[in-house]
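What follows is a single structure, written as structure tokens, with notes after it.
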Amino acid sequence: MKKYCLPKELREELRKLHGTLYPGDGVETARNIIRDLKSPAKIITVGDIITFNLLSAGVIPNISFVDERTKRSPVSNEVTHGTKHPQFRTITVDNPPGTITEELLKEVANAMLSDNPLRIFVNGEEDLAALPSIAMAPLSSVVIYGLPEEGAVLVRVTEDKKKEIQSLLDRMKCKEEK
């Protein structure tokens, strides 16, 4: 396994939607997503607000990534406590902004094999966790991530989507440290 770094030239490409946008940022948005889920192999959430809203609407994600921040500011105590569901086992990983560390990759891979709901607390930034999650998730899984000011994006994991995301990851080379 290796580490990935987000180069400036890929930032715009990553802002493109890789799934279906559900406008809004509340429980109603989560309910709209839940209505469209069908029966995914795994439900993976990336972000405190979407994780909180799904839990509030009665769905426990198989894997959730949180960093207790939204739009670079701390989330409310309600959201922090609301993402700590009693069924979750919490794992903490370090992952600086703009990177996907080997530690994060290892935990994503382990989480895909777990039958118990996992909350992965990211010390740093969890935004890019959606990429390895899509690349490693079983087919028919869904990855749901928040898009600040717009809503939530639902990505259905298919062979084509896995290939598309893996090709993005392959372009995220880290500069060798001197």
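The values are calculated or read from the model by the stated rules, or taken from the named source; none is laboratory data. Only a predicted model underlies this, so the values are computations on that prediction, with no experimental measurement involved. We place every Cβ from the backbone using ideal geometry, glycine too, and count neighbours over all the protein chains shown.
Figures for the structure shown
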quantity	calculated
Selection count, the stretch 41-50, where residues are modelled with pLDDT under 95 and over 12 Å from Val153 (Cα atoms)	2
Asp160, sole failed condition from (1) acidic (Asp, Glu); (2) farther than 21 Å from Arg15 by Cβ; (3) modelled with pLDDT of 90 or more	(2)
Any hit, the stretch 98-114, residues being at positive phi and out of contact with any Lys or Arg (no Cβ under 8 Å at 6 or more places or on another chain)	yes
Criterion violated by Leu131 - all others in (1) surrounded by fewer than 21 Cβ atoms within 10 Å (Cβ to Cβ); (2) more than 26 Å from Gly58 (Cβ to Cβ) satisfied	(1)
Some residue of the stretch 22-40 being touching a Lys or Arg at 6+ places or on another chain (Cβ under 9 Å) and part of a strand (DSSP E or B)	no
Residue count, the stretch 44-65 (criterion: closer than 15 Å to Ala130 by Cβ and in a helix (DSSP H, G or I))	5
Close pairs (9 angstrom Cβ cut-off, 6 or more residues apart or separate chains): closer than 18 Å to Lys71 by Cα in the stretch 13-35, hydrophobic (A, V, I, L, M, F, W, C) and part of a loop (DSSP other than H, G, I, E, B) anywhere	Leu14/Leu6
Pairs, first farther than 17 Å from Thr90 by Cβ in the stretch 117-134, second among the basic types (Lys, Arg), C-beta under 7 Å, six or more apart	Ile134/Lys161; Ile134/Lys162
The stretch 23-35, residues that are surrounded by fewer than 19 Cβ atoms within 10 Å (Cβ to Cβ) and either more than 17 Å from Glu150 (Cβ to Cβ) or not acidic (Asp, Glu) (or both)	Pro23, Gly24, Gly26, Val27, Arg31, Asn32, Ile34, Arg35
Qualifying residue in the stretch 155-169 (condition: touching a residue at least 40 places away in the same chain (Cβ under 8 Å) and under 12 Å from the mean Cα position of the chain (by Cα))	yes
Residue satisfying all of: in the stretch 5-20; part of a loop (DSSP other than H, G, I, E, B) and not basic (Lys, Arg); farthest from Arg171 (Cα to Cα) among these	Gly19
Condition met for Thr90 (crowded, with 17+ Cβ neighbours inside 10 Å and of a type in the set (S, T, N, Q))	no
Qualifying residue in the stretch 117-139 (condition: within 27 Å of Arg31 (Cβ to Cβ), among the polar types (S, T, N, Q) and assigned to a loop (DSSP other than H, G, I, E, B))	no
Given (1) in contact with a Phe, Trp or Tyr (Cβ under 8 Å, 6 or more places away or on another chain); (2) farther than 16 Å from Val46 by Cβ; (3) modelled with pLDDT of 95 or more, number of the condition Cys174 does not satisfy	(3)
